Amino acid sequence: MEIGRRSFLSFIIGGAAGTAISPLPWKLIDDSSIWSQNWPWTPVPPDGEYSQSNSVCTLCPGGCGITVRKVDDRAVKIEGMKGHPVNDGGICVMGLSGLQLLYGPTRVKTPLKRAGKRGEGKWEKISWDEAISDVTKKLAEIRSKGESHAVGSIVNSDSGTVPNLFKRFLTAYGSPNFMTMPSMQDSYNMTMLLMQGVSAQVGFDAENADFILSFGSGIIDGWGSPVRMFKANSAWKVNGKKVVQIESRLSNTAAKSDKWIPIKPGTEAALALGIANVIIMESLYNRENIESQSGFDAFKELVLNEYSTDNVSSITGINSATIVSLAKNFAQASKPLAICGKGQGSTPGSLNEFMAVHALNALVGNINKEGGVWAVSESDYIKWPELEMDSIAESGMQKERIDGAGSEYPHAKSLLNRLAEVINSGDGSLGALFVSDANPLYSMPDSKALNTAFDSIPFVVSFSSYMDETASNSDLILPNHVYLERYEDVPTPGGLQKNVIGLTKPVVTPQFNTKNVGDSIILIAKALGGSIADAFPWDSYDACLKETLGDKWDVLEENGFWSDSDSKVATGEFNFYPDAMKSLSSFSSVSIEGSTISYPLVLIPYDSIRLANGYIGDPPFVIKTVEDTVLKGKTACVEINPKTGKELGLTEGRYAFIHTPRGKAKVKVHLYEGIMPGIVALPRGLGHTAYDKYLAGKGCNFNELIGPAEDPISGLDAAWGIRARLTKI
Amino acid sequence: MKEEGKHKKAKKYGMVINLDECTGCGACMVACMAENNVPFREDESNKLDSIAWMRVYKLTNGKSYPEADICYLPRPCMHCEGDHGHSPCVSVCPATATDYNYETGIVSQIYTRCFGCRYCMAACPYHARYFNWWDPVWPEGSTKYLSPNVSPRMRGVVEKCSFCFHRYQLAMDKAYLEGRTVLEEDEYQTSCTQACPAGAITFGDLNNPEHKVHQLAKPDNKHGGRPGNPNVFRLLERLGTNPKVYYMSSREWVRQAGDNYIDNEDFAKNYRH
């Protein structure tokens, strides 16, 4: 047969049609897709016996109760614990993601000793014996040279048994340099001390307040004990209570409040005093009770002379009528409550602001009242025997602290914000540094300067469970168990008006070759011998904890928490006008770095509950929830007002550089109508260099762009922003 | 058992989300991911392919500073009933991989039946469905926290919110063992509802007047489940998808954002039709 054009085409088309009609190609496609779907790397989670275990979350200081669901010995889900006095079943994004930290790739699995240069990422695995003896040798050497005071430690807070073990260790060893990570609690504690003469933790009876005046506090952005505040916020909504939010950016808190009043950032203290002015002028306070209190006359003179409504209006940029009506509404509410501490309260802030806001609370008479501010005496369950110091320890403890707390700034307990400058300017040095439950190289302002300071500390020991920025820049890592693997007490979360102590429990057995940091300290102390060993009579951390908690142990072991039946109030005489307030006689905002000519804009940070900015960074689930207008690819977005964008020729989604006197970073522009023109806002919690690939290298770290500004009274960091410039790429 | 079932009124599980209380914290999203073994990748900032059964959207009122306002809107699968179970996705699925369960009103997704044509994704007006473009990869050791109640999905299939159907099954198993056929309201709650720290999500049987969801939404079953509460609305109501997720807001601009309107249309008059 001749193959012509016609028969050729018939053959091709007929063949194609025949193949298509036959099941063969479809069967092959189907088979190959089923085959590829069954590739063995799609895991099949094994079933087993189900159980539940109650514990406490320690990923932030919030102290929420958690219930962990288990299948055999695997923890598979974390949920909020029902009936817990802090969170009653609620839980946040971080708490829910705890298992990604427990089983995740960022764990430090065994003690590590630096093998390459510091920060290079080369490690040698060592045994626990070797790790403890390395630390002991170094510490004995420093001590024998009479330089015991050159050893410091940085921990997350100063309450609870683990921080107190560190403190006790340093005291017995002979160093006053016990440092803690700063937060708004420091400023509140100092306010309590200066205005009420008490050493107490601040508590807010938020649930019972009916008018909440928030000076930039991120009530639903992670301020205080986050889940508790979420719950309080919902209760306010249901019961028709009013919330007024004062800040320059429409945060989630501002959007959910009843009224958002934008303010020139840094002028909050002036507004508080302006409100006090209206209250006094219009006699909206209880004259009989308030006027007899000490310092009131001087306070009255101050607000009447300096903080007239017109004056405050020009300082804050809020119109006079708004100030007057705000003051009236606040004073006439039956249970008004004023709070401060910007965002999540992770920086201490200006003490003037805290005192002015606290005076406002006192003026409406809500100190230690239902719905008001409480001075809560800390639960004093840690009653360890007095330790005996040897001569070296005694002389070491006589030395001044490296950060100037207690000397230059007499009221301060710890001023970690000053450490970088003291070391870098050669005014002081450390021979060894312990870091536990903290990540200062990421979360301290001007983290680059602190990094430089760390370079000159010859021996840095990290007790981190994770390979965070500080751990990766240390010489030795003695990894702690994760909170789901260990016993530890959780002291009363900040902002609660009564004491609630929690207990974390080993929900699962330790997954790796790690050790409770408490045990590590006890072992080091015992190895050093002498009076240091004598100060630690316990066989193990668990024994120490059990003894310390005494009769609370059984309750804690069973329920996971122990709470005071009612508030323990620290009472002292209120003083409206402590000496420290004299600096308010003419208002000036805490000045921020940079000249207005080279840096025409103001950069402020903002906090989001979806971005953790403390010791622990976002686990994969949490970073996944971050919006694409906050983080896109590897670039963080800055928020600017469309007006500012127009002036700078920047449109939505454009890449730009942000320059500040401290640093420069590539950012993406997000035009946002909820921000004051002239201001640039950058989220905290991005720009990690450590942790896993899901977090590292994404966005820029706000702390690299800002420097600390020392508060003239407290010495704490009072920086609320920095001047900045945006340039097109 | 069968005899009893005959007389039992069909359940219609649904949700009411209070947008005044929702803080946009994202706990519902993570609670869902942790409960349902949802995978994650290095970069999740392309939200079109970032698998989130529950996604929280940010709405803006479109006004300038300082009148600007924002509101968060959590979006699970709406479990549309459509007209007698003809939800948009169920009607188009050629593999019967997604089905409408008349007993509970839940729209299922059966991964092993799905062959990835993504017709359902095109049909879903809520972008509630996600395609597994890649094989799920958990970092070393992380498969330990995977829950045996929900099978991890493989590349090439579509997944979506199931109203935590496995929780319904577990609760029903427990009830049967105890000789009951009816669940108490709190026996079956989704992971997101349970986690929400603001208590903004209410979940239950919309057909049961005892349940809070019924009392909040006041659904009118004769008119496609239309809400009887004037502050309650559903997304894209006018499409007639008859979704079982209701939203509640005291702000008119938020309620208005739930549907599309032509210019100068009288919102107050039309928004519930």
Completion exercise
Over region A:183-202, the set of residues of a type in the set (Gly, Ala, Ser) and either crowded, with 24+ Cβ neighbours inside 10 Å or part of a helix (DSSP H, G or I) (or both) is A:SER187
Fill in the blank from the handout: Of A:ARG723, A:ARG654, the only residue that is within 21 Å of A:GLU247 (Cα to Cα) and at pLDDT 95 or above is A:ARG723
Exercise for the section: Report, by residue number, each residue of region A:519-536 that is surrounded by fewer than 20 Cβ atoms within 10 Å (Cβ to Cβ) and either of a type in the set (Gly, Ala, Ser) or over 15 Å from A:ASP390 (Cβ atoms) (or both). Expected result: A:LYS526, A:ALA527, A:GLY529, A:GLY530, A:SER531, A:ALA533
Practice task
Quick one: in region A:195-246, of everything that is away from every other protein chain (no Cβ under 12 Å) and acidic (Asp, Glu), which residue is nearest to A:GLY317 (Cα to Cα)?
Solution key: A:ASP210
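For region B:58-101, give me each residue that is among the small types (Gly, Ala, Ser) and either surrounded by 20 or more Cβ atoms within 10 Å (Cβ to Cβ) or within 30 Å of A:ARG610 (Cα to Cα) (or both). Let's see the steps before the verdict.
Start the filter on region B:58-101 by keeping residues that are among the small types (Gly, Ala, Ser), which leaves B:62, B:64, B:68, B:82, B:85, B:87, B:91, B:95, B:97.
Of everything in region B:58-101, those that are among the small types (Gly, Ala, Ser) and either surrounded by 20 or more Cβ atoms within 10 Å (Cβ to Cβ) or within 30 Å of A:ARG610 (Cα to Cα) (or both) turn out to be B:GLY62, B:SER64, B:ALA68, B:SER87, B:ALA97.
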Practice task
Output the residues belonging to region A:600-615 that are away from chain B (no Cβ under 13 Å), buried (at least 24 other Cβ atoms within 10 Å of the Cβ) and of a type in the set (Val, Ile, Thr).
Solution key: A:ILE604
Practice task
Among the strands (runs of 3 or more DSSP E) lying completely within region A:650-712, list those that include at least 1 residues that are within 22 Å of the chain's Cα centre (by Cα), more than 14 Å from every other protein chain (Cβ to nearest Cβ) and not β-branched (Val, Ile, Thr).
Solution key: A:679-683
Completion exercise
Of the residues in region B:132-141, those that are surrounded by 19 or more Cβ atoms within 10 Å (Cβ to Cβ) and either more than 8 Å from every other protein chain (Cβ to nearest Cβ) or among the polar types (S, T, N, Q) (or both) come to B:ASN132
Exercise for the section: Considering only region B:111-130, state which residues are within 13 Å of another protein chain (Cβ to nearest Cβ) and either free of Cβ contacts under 8 Å to residues at least 12 places away in the same chain or within 30 Å of A:GLY104 (Cα to Cα) (or both). Expected result: B:TYR111, B:THR112, B:TYR130
Practice task
Name, by its number, the condition in (1) more than 16 Å from A:PRO176 (Cβ to Cβ); (2) polar (S, T, N, Q); (3) touching a residue at least 24 places away in the same chain (Cβ under 8 Å); (4) surrounded by 18 or more Cβ atoms within 10 Å (Cβ to Cβ) that does not hold for A:THR452.
Solution key: (4)
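For region A:359-446, which helices (runs of 4 or more DSSP H) that fit wholly inside it have 1 or more residues that are of a type in the set (Ser, Thr, Tyr)? Give the derivation first.
On the way: elements: A:391-398, A:419-424, A:440-443.
Filter on region A:359-446 gives A:391-398, A:440-443.
Return yes or no: is B:TYR72 modelled with pLDDT of 95 or more, within 16 Å of the chain's Cα centre (by Cα) and over 23 Å from A:ASN87 (Cβ atoms)?
Spelling it out, it is not the case that B:TYR72 is modelled with pLDDT of 95 or more, within 16 Å of the chain's Cα centre (by Cα) and over 23 Å from A:ASN87 (Cβ atoms).
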Fill in the blank from the handout: Filtering region A:536-552 down to residues that are in contact with a Lys or Arg (Cβ under 9 Å, 6 or more places away or on another chain) and either at pLDDT below 95 or among the basic types (Lys, Arg) (or both) yields A:GLY550
Exercise for the section: Starting from residues that are closer than 25 Å to A:ASP618 by Cα and surrounded by fewer than 17 Cβ atoms within 10 Å (Cβ to Cβ), keep the ones in region A:43-71 and report whichever is farthest from the chain's Cα centre (by Cα). Expected result: A:PRO43
Exercise for the section: Kindly provide the set of residues from region B:19-34 that are at the interface with chain A (Cβ under 9 Å from one of its Cβ atoms) and touching a helix residue (DSSP H, G or I) at 6+ places or on another chain (Cβ under 8 Å), ordered by number. Expected result: B:ASP20, B:GLU21, B:THR23, B:GLY24, B:CYS25, B:GLY26, B:ALA27, B:MET29, B:VAL30, B:ALA31, B:MET33, B:ALA34
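Could you check how many residues of region A:507-518 are surrounded by fewer than 23 Cβ atoms within 10 Å (Cβ to Cβ) and not basic (Lys, Arg)?
From region A:507-518, those surrounded by fewer than 23 Cβ atoms within 10 Å (Cβ to Cβ) are A:508-513, A:515-516; that's our starting set.
In the following step, the residues that additionally are not basic (Lys, Arg) were identified as A:508-513, A:516.
Residues that pass the stated criteria total 7.
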Problem - Any chance A:LYS634 is touching a helix residue (DSSP H, G or I) at 6+ places or on another chain (Cβ under 8 Å) and within 14 Å of chain B (Cβ to nearest Cβ) - result: no
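Could you check how many residues of region B:218-273 are among the hydrophobic types (A, V, I, L, M, F, W, C), out of contact with any strand residue (DSSP E or B) (no Cβ under 9 Å at 6 or more places or on another chain) and modelled with pLDDT of 90 or more?
Here is the first cut: in region B:218-273, the ones among the hydrophobic types (A, V, I, L, M, F, W, C) are B:232-233, B:235-236, B:239, B:245, B:248, B:253-254, B:257, B:262, B:267-268.
With out of contact with any strand residue (DSSP E or B) (no Cβ under 9 Å at 6 or more places or on another chain) added as a condition, the list becomes B:236, B:239, B:262, B:267-268.
Now restrict to residues that are modelled with pLDDT of 90 or more: B:236, B:239.
Selection size over region B:218-273: 2.
With the requirement that a residue be farther than 13 Å from A:LEU686 by Cβ, part of a loop (DSSP other than H, G, I, E, B) and over 10 Å from the mean Cα position of the chain (by Cα), what does region A:610-627 give you? Working first, answer last.
Narrowing region A:610-627 to residues farther than 13 Å from A:LEU686 by Cβ: A:614-616, A:619-621, A:624-625.
When the remaining residues are screened for being part of a loop (DSSP other than H, G, I, E, B), the result is A:614-616, A:619, A:625.
Matches in region A:610-627: A:PRO619, A:THR625.
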Problem - Extreme residue, farthest from the chain's Cα centre (by Cα), among residues of region B:22-57 that are buried (at least 23 other Cβ atoms within 10 Å of the Cβ) and over 21 Å from A:LYS77 (Cβ atoms) - result: B:THR23
Practice task
Of the numbered conditions (1) facing another protein chain (nearest Cβ under 8 Å); (2) touching a Lys or Arg at 6+ places or on another chain (Cβ under 7 Å); (3) surrounded by 20 or more Cβ atoms within 10 Å (Cβ to Cβ), A:ARG74 fails exactly one; give the number of that condition.
Solution key: (3)
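Suppose the filter is modelled with pLDDT under 95 and either closer than 30 Å to A:LYS231 by Cα or within 13 Å of another protein chain (Cβ to nearest Cβ) (or both); does B:VAL157 pass it?
On the way: modelled with pLDDT under 95: yes; either closer than 30 Å to A:LYS231 by Cα or within 13 Å of another protein chain (Cβ to nearest Cβ) (or both): yes.
For B:VAL157, the condition - modelled with pLDDT under 95 and either closer than 30 Å to A:LYS231 by Cα or within 13 Å of another protein chain (Cβ to nearest Cβ) (or both) - is met.
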Practice task
Evaluate the following for B:ALA10: is it modelled with pLDDT of 95 or more and not in a strand (DSSP E or B)?
Solution key: no
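At the interface with another protein chain (Cβ under 10 Å from one of its Cβ atoms) and either crowded, with 20+ Cβ neighbours inside 10 Å or out of contact with any strand residue (DSSP E or B) (no Cβ under 8 Å at 6 or more places or on another chain) (or both): does that describe A:CYS92? Step through it out loud before you land on a result.
On the way: at the interface with another protein chain (Cβ under 10 Å from one of its Cβ atoms): yes; either crowded, with 20+ Cβ neighbours inside 10 Å or out of contact with any strand residue (DSSP E or B) (no Cβ under 8 Å at 6 or more places or on another chain) (or both): yes.
Yes: the conditions hold for A:CYS92.
Is region B:2-9 home to any residue that is more than 7 Å from chain A (Cβ to nearest Cβ) and surrounded by 23 or more Cβ atoms within 10 Å (Cβ to Cβ)? I'd like the intermediate steps shown before the answer.
Within region B:2-9, the subset more than 7 Å from chain A (Cβ to nearest Cβ) is B:2-9.
From what is left, the residues that are surrounded by 23 or more Cβ atoms within 10 Å (Cβ to Cβ) are none.
No, because not a single residue in region B:2-9 is more than 7 Å from chain A (Cβ to nearest Cβ) and surrounded by 23 or more Cβ atoms within 10 Å (Cβ to Cβ).
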Handout entry: Complete set of residues in region A:247-268 that are away from chain B (no Cβ under 11 Å) and in contact with a Phe, Trp or Tyr (Cβ under 7 Å, 6 or more places away or on another chain)
Key = A:PRO265, A:GLY266, A:GLU268
Fill in the blank from the handout: Considering only helices (runs of 4 or more DSSP H) wholly within region B:167-273, the ones with at least 3 residues that are among the hydrophobic types (A, V, I, L, M, F, W, C), touching a Pro at 6+ places or on another chain (Cβ under 7 Å) and within 30 Å of A:ASP47 (Cα to Cα) are none
Practice task
Among the residues of region B:183-193, count how many are more than 23 Å from B:TYR247 (Cα to Cα) and in contact (Cβ under 8 Å) with a residue 60 or more places away in the chain.
Solution key: 0
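The values are calculated or read from the model by the stated rules, or taken from the named source; none is laboratory data. All figures in this text were calculated on a predicted structure; none of them were measured in a lab. Because the Cβ atoms are built from the backbone with ideal geometry, glycine has one as well, and the counts that use them run over all protein chains shown.
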